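A.B. asks: Sharing a structure here in structure tokens format.
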Amino acid sequence: MSIDVRVDTTPNPNAIKFTAANKMFDGRLSAKKGDNIGHPLASKLLSLEGVDNIFGYEDFITVNKTFDADWDVLLPQIKEVFNDYK
């Protein structure tokens, strides 16, 4: 099973919003690199090199990258996390 997401830019060039057709989280989720979080999707996203922090609420998650990370490299990795999510 994978999560189909719509990818939207945000006013912040270091953040991209991913919206799913179904709920991914119960309520609000906020975490930064190094946090010990019990949600498997959030943990996988935070483990990616270049991801700084995430914020999610029910059917969307916003991924913030580090200043030096490149979306051209990071975006395919993030999409792979959604594709492989069970």
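A.B. asks: Answer with yes or no whether Ala31 is small (Gly, Ala, Ser), surrounded by 16 or more Cβ atoms within 10 Å (Cβ to Cβ) and modelled with pLDDT under 95.
C.D. replies: No: the conditions fail for Ala31.
A.B. asks: For region 49-86, how many residues are outside any helix (DSSP H, G or I) and under 15 Å from Asn14 (Cα atoms)?
C.D. replies: Taking region 49-86 first, the residues outside any helix (DSSP H, G or I) are 49-70, 85-86.
When the remaining residues are screened for being under 15 Å from Asn14 (Cα atoms), the result is 49-55, 61-70.
So the count comes out to 17.
A.B. asks: I would also like to ask the following. Among the residues in region 30-47, are any touching a helix residue (DSSP H, G or I) at 6+ places or on another chain (Cβ under 9 Å), in a loop (DSSP other than H, G, I, E, B) and of a type in the set (D, E, K, R)?
C.D. replies: The answer is yes; a qualifying residue exists.
A.B. asks: So the check is Cβ under 9 Å with 6+ separation or different chains; which pairs have a first residue in region 15-41 that's under 17 Å from Gln77 (Cα atoms) and a second one that's assigned to a helix (DSSP H, G or I) and of a type in the set (Gly, Ala, Ser)?
C.D. replies: Close Cβ pairs satisfying both conditions: Lys33/Ser47.
A.B. asks: Is region 71-85 home to any residue that is at pLDDT 95 or above, surrounded by fewer than 17 Cβ atoms within 10 Å (Cβ to Cβ) and farther than 16 Å from Val7 by Cα?
C.D. replies: No, region 71-85 contains no residue that is at pLDDT 95 or above, surrounded by fewer than 17 Cβ atoms within 10 Å (Cβ to Cβ) and farther than 16 Å from Val7 by Cα.
A.B. asks: Restricting the search to region 48-77, which residues are more than 21 Å from Ile37 (Cα to Cα) and among the charged types (D, E, K, R)?
C.D. replies: Asp68, Asp70, Asp72
A.B. asks: Moving to a separate point now. Only one of (1) at pLDDT below 95; (2) within 18 Å of Asn12 (Cα to Cα) fails for Leu41. Which number is that?
C.D. replies: (2)
A.B. asks: Can you pull out the residues in region 7-28 that are small (Gly, Ala, Ser) and exposed (fewer than 15 other Cβ atoms within 10 Å of the Cβ)? Lay out the reasoning, then the answer.
C.D. replies: The first filter runs over region 7-28 and keeps only residues small (Gly, Ala, Ser), leaving 15, 20-21, 27.
Answer for region 7-28, where residues must be small (Gly, Ala, Ser) and exposed (fewer than 15 other Cβ atoms within 10 Å of the Cβ): Ala21, Gly27.
The values are calculated or read from the model by the stated rules, or taken from the named source; none is laboratory data. Since the structure is predicted, the reported quantities are computational estimates derived from the model, not experimental observations. A quick note on method: Cβ atoms are made from the backbone with ideal geometry, for glycine too, and the neighbour counts reach across all protein chains shown.
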